[in-house]
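K.L.:
One structure is given below, represented as structure tokens, and several questions about it will come after.
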Amino acid sequence: MAGRPVYHDPLDAIADIPDGAVIMTGGFAGRGVPVQLILALRERGVKGITLITNDTSGGWGGRVDASYLIEAKQVKKVIVSWPVPASTAVITPLEQQLLAGELELEVVPQGTLAERIRAAGAGIGAFYTPTGVGTPFAQGKEVRTINGIEQILEYSLAADYALVHAHKADAYGNLVYRRTARNFNPPMATAATVTIAEVDEVVPAGSLDPESIVTPGIYVHRLVVKKG
């Protein structure tokens with residue numbers, strides 16, 4: 001297996017991402033977020049993004065997350081489980097753009113979002129889940145009774161690009177995560193045509209404990225060494 005290209009400037013790593021791309025960004029409640037890749041996307045001004053992410057609520061509380069792309073009006077659609085802070089004190093750019101008809105929002109239960117992404121990485125087109133039955137989440141979806149339990153059909157979610165964060169990578173792109181960074185990053189890494197991993201360090205091939213590798217390098221196409 002060939003080594004993966006290593007970039008030291010995140011702008012170079014995302015230079016070919018076009019307008020209109022479907023992009024996943026990892027992270028959960030501010031942990032494991034590919035901060036520098038997100039900021040590079042914002043700096044490049046890529047527009048018309050369909051954004052798949054767990055959380056767009058933290059950019060207003062001092063954390064960096066994919067909401068920075070929404071603030072810059074680079075996103076046309078968001079697929080997310082936690083779209084805004086649990087407060088009415090601040091009307092976020094997401095809410096403003098949604099009310100103005102400038103943004104499409106799809107809210108997905110968190111576990112369902114994770115499974116839709118995992119399913120895409122596993123080559124599974126759709127699955128049934130009881131989550132959301134009898135609620136607005138079930139509207140317009142097929143409902144089937146399986147083993148006496150009503151379940152709704154959910155389709156998998158794939159992307160053109162996945163931007164993920166890991167602690168270490170080796171030269172082949174095998175990834176090791178640190179603590180809670182092992183959240184949405186591993187399934188997203190498997191569910192995109194191109195996966196770009198922002199890492200703290202790239203180490204020589206063979207120096208990672210094989211038992212610690214969560215994302216095999218076969219899923220990873222580019223590595224970016226985090227600055228600072």
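The values are calculated or read from the model by the stated rules, or taken from the named source; none is laboratory data. Bear in mind that the values here come from a model prediction, so they are computed numbers and not experimental data. We place every Cβ from the backbone using ideal geometry, glycine too, and count neighbours over all the protein chains shown.
K.L.:
For residues that are small (Gly, Ala, Ser) and in a helix (DSSP H, G or I), tally how many sit in the stretch 25-43.
P.N.:
Step one: list which residues in the stretch 25-43 are small (Gly, Ala, Ser), which gives 26-27, 29-30, 32, 40.
Right, trim to in a helix (DSSP H, G or I) and you get 40.
Residues meeting the conditions: 1.
K.L.:
While we're here: From the list ILE52, ILE14, ILE79, ILE70, exactly one residue is buried (at least 20 other Cβ atoms within 10 Å of the Cβ) and farther than 18 Å from ASN185 by Cβ. Which is it? Working first, answer last.
P.N.:
Details: ILE52 fails: farther than 18 Å from ASN185 by Cβ; ILE14 fails: farther than 18 Å from ASN185 by Cβ; ILE79 fails: farther than 18 Å from ASN185 by Cβ.
Checking each option against the conditions leaves just ILE70.
K.L.:
Next question. Can you name the residue in the stretch 1-24 that is over 12 Å from the mean Cα position of the chain (by Cα) and in a strand (DSSP E or B) and, of all such residues, is nearest to PRO204 (Cα to Cα)? Step through it out loud before you land on a result.
P.N.:
Kept after step one, since they are over 12 Å from the mean Cα position of the chain (by Cα), are these residues of the stretch 1-24: 1-21.
Pick out the ones that are also in a strand (DSSP E or B) and you get 6-7.
On the way: VAL6: 12, TYR7: 15 Å.
If we take residues in the stretch 1-24 being over 12 Å from the mean Cα position of the chain (by Cα) and in a strand (DSSP E or B), then VAL6 is nearest to PRO204 (Cα to Cα).
K.L.:
Of these, THR180, THR145, THR193, which one is in contact with a strand residue (DSSP E or B) (Cβ under 7 Å, 6 or more places away or on another chain), at pLDDT 95 or above and of a type in the set (Val, Ile, Thr)?
P.N.:
Details: THR180 fails: at pLDDT 95 or above; THR145 fails: in contact with a strand residue (DSSP E or B) (Cβ under 7 Å, 6 or more places away or on another chain).
Unique residue meeting the criteria: THR193.
K.L.:
Find the strands (runs of 3 or more DSSP E) located wholly in the stretch 122-182 whose residues include 2 or more that are out of contact with any Leu (no Cβ under 6 Å at 6 or more places or on another chain) and free of Cβ contacts under 8 Å to residues at least 24 places away in the same chain, and list them. Before the answer, list the steps.
P.N.:
Working: elements: 126-129, 143-146, 149-155, 159-170.
By residue number, 143-146, 149-155.
K.L.:
Just to be sure I understand the filter: pairs with C-beta atoms under 7 Å, separated by 6 or more residues or on different chains, first member in the stretch 85-110 and more than 26 Å from TYR155 (Cβ to Cβ), second member among the aliphatic types (A, V, I, L, M) and surrounded by 13 or more Cβ atoms within 10 Å (Cβ to Cβ). Which pairs pass?
P.N.:
THR92/VAL84; PRO93/ILE70; GLU95/VAL84
Residues checked against (1) closer than 18 Å to SER57 by Cα; (2) surrounded by 15 or more Cβ atoms within 10 Å (Cβ to Cβ); (3) of a type in the set (D, E, K, R); (4) touching a Phe, Trp or Tyr at 6+ places or on another chain (Cβ under 7 Å):
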| position | (1), (2), (3), (4) |
| --- | --- |
| SER87 | yes, no, no, no |
| ALA100 | no, no, no, no |
| LEU103 | yes, yes, no, no |
| PRO109 | yes, yes, no, yes |
| GLY123 | no, no, no, no |
